[in-house]
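In what follows, a structure is listed as structure tokens, so that the remarks can point back to it.
Coordinate-derived values only; no laboratory data. All of these numbers come straight from a predicted model, not from anything done at the bench. Positions of Cβ are generated from backbone atoms using ideal geometry, with glycine treated the same way; all protein chains shown enter the neighbour counts.
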Amino acid sequence: MAAAHRARHWSFGGVVLVVTAALVAAVLISFSGSVAPRADAAVAAQTWSDEFDGVAGHAPDGAKWTLETGGSGFGNHELQYYTNSTSNAALDGQGHLVITARKNTDAGLGCWYGQCQYTSARLNTARTFTQAYGRFEARIKIPRGQGIWPAFWMLGNDLGTVGWPNSGEIDIMENIGREPNTVHGTVHGPGYSGAGGLGAAYSLPGGRAFADDFHVFAIDWSPNSIVWSVDGTTYKTLTPADTGGKKWVFDHPFFIILNLAVGGDWPGSPDGSTAFPQTMTVDYVRASSSGSAPVARPIRGIGGMCVDVAGASSADRTPIQLHNCTGNAAQQWTVGNDGTVRAFGKCLDVAGGSTADGAIVQLYTCNGTNAQKWTYTAAHDFTNVGANKCLDAKGNSSADGTRLQTWRCTGAAGQKWTLG
């Protein structure tokens, strides 16, 4: 994947000094004992945000952001010098933060290669906000041009003690200017960093350029998955199994970073076609607990059997069945306040959105349709919102391998489910 071409995206000169200063510990919020009916379920709690309201020309809120400085190349041979000047990062008075990359006019600014050619800005929340799990999103209008490299990403709060990539890195959105239609989502960890980073690319339909408008870039991060989306469309899910046995390091608080780089090993240098200045305009950055960061747990049905993803496959259309409870990832489900029931970062889905009795229940990429929304009732039914029918063990059977379906709600034992 294209994102794997880049080397790394951190700097001992900037971030580590910040990380080792004073990090705010994140509170991991989880489901308590039993799950309430949907009507009583908690609303997802916003834990941190910046809407960038303020007077035009003012610096971003110092109580939320630290501006890194320097021209070390940040591990990627980047060409810019990051400043703390409002010429490179300032509010626009219309509810936006504008990060601006400019040609440098200060002969006194030195970079790793000599006098700096460009200036820009890089902001992080390492001193002010860290969190494990939940939803992290930003609405951004990115810049354009060869050699331009905007990013919205995260690093582990233990960077200063364990180093990179052991601390973990989650790239929520990266773009390189020569790919105006495409963004990348990637993780880096021990044994899968740099060229071996794990992730995927997402391209806008119709060949549209991301720089033409604002888009919402997000991850939904739980103990057993990281799910990337653009404008609500999921395009990649990663689970611990995807590391090939290497350590999954996305199990502790991370902090947020926004930056606009110029040049570097992955995007290459600007050329004669690249116009300056270039701006990365951020409408908001938000973090939430994603409905109290639901904990992955088994769903048990008739005969004490567990709801199971057949073959532990994360492929779309994988059947859902009953299986002896083993505790493996194929039997770990999160019940979200958005009505979804998820394993491997994908959704419990009624095939084809069918409303018929006997419709197949499967695992499928989350798409926000009612075929993937469920109500867990006080009577211990899982009712599909689209069909108004119950999750049902076929034939009221508790046999290993019994397929699950939707059926009119009858109160039968094959339609009763408990969590945990």
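If you plug each phi of the stretch 254-266 into the Karplus form 6.51 cos²θ - 1.76 cosθ + 1.60 with θ = phi - 60°, what whole-Hz ³J(HN,Hα) values come out, in order, with x for Gly and Pro?
With the stated coefficients, the stretch 254-266 comes to 10, 10, 9, 9, 10, 7, 10, 8, 10, x, x, 4, 7 Hz.
Give the shape of the stretch 299-419 as rounded, prolate or oblate, defined through the alpha-carbon gyration tensor: a ≥ b ≥ c are the square roots of its eigenvalues, a/c under 1.5 means rounded, and otherwise the shape is prolate if a/b is larger than b/c and oblate if not.
rounded
Given N residues in the stretch 59-179, what is Rg(Cα) / (2.2 N^0.38 Å)?
The reported ratio for this selection is 1.10.
Take every Cα-Cα distance within the stretch 182-225, group them into 5 Å bins from 0 onward, and report for each bin the whole-number percent of pairs it holds.
All Cα pairs considered, the percentages come to 5, 15, 22, 20, 16, 13, 6, 1.
For a test of the definition: using alpha carbon positions, the gyration tensor, and the 1.5 limit on a/c, classify the stretch 108-162 as rounded, prolate or oblate.
Taking the square roots of the gyration eigenvalues as a ≥ b ≥ c, the stretch 108-162 is oblate.
Once R0 is set to 51 Å, what does the formula 1/(1 + (r/R0)^6) return for the Cβ-Cβ distance between Asn324 and Ala195, expressed as a FRET efficiency to the nearest 0.05?
The formula returns an efficiency of 0.80 here.
Within the chain, how many Lys pairs sit with Cα atoms under 16 Å apart, leaving out pairs fewer than 8 places apart on the same chain?
5
Per DSSP H run of at least 4 residues, take -39500 (n - 2.57); add these up for the chain, divide by its residues and hand me the 222 nm value, nearest 500 deg cm²/dmol.
Mean residue ellipticity at 222 nm (helix-derived): 0 deg cm²/dmol.
How much net charge surrounds Arg208 when only other residues with a Cβ under 14 Å from its Cβ are counted (Lys, Arg +1; Asp, Glu -1)?
Around Arg208, the surrounding residues sum to -2.
For the stretch 47-80 and the stretch 362-420, what is the centre-to-centre distance using only Cα atoms, to the nearest Å?
Cα centres, the stretch 47-80 to the stretch 362-420: 47 Å.
What's the ranking of 215-226, 46-57 by average number of surrounding C-beta atoms within 10 Å, highest first?
215-226, 46-57
Starting from the Cα of His58, step 7 Å along the direction of its Cβ; do the same at Arg208; then give the gap between the two resulting points in nm.
Placing both labels 7 Å beyond Cα along the Cβ direction yields 3.3 nm.
I need the fraction of alpha carbon pairs in the chain separated by more than 42 Å, rounded to a whole percent.
Percent of Cα pairs beyond 42 Å in the chain: 20.
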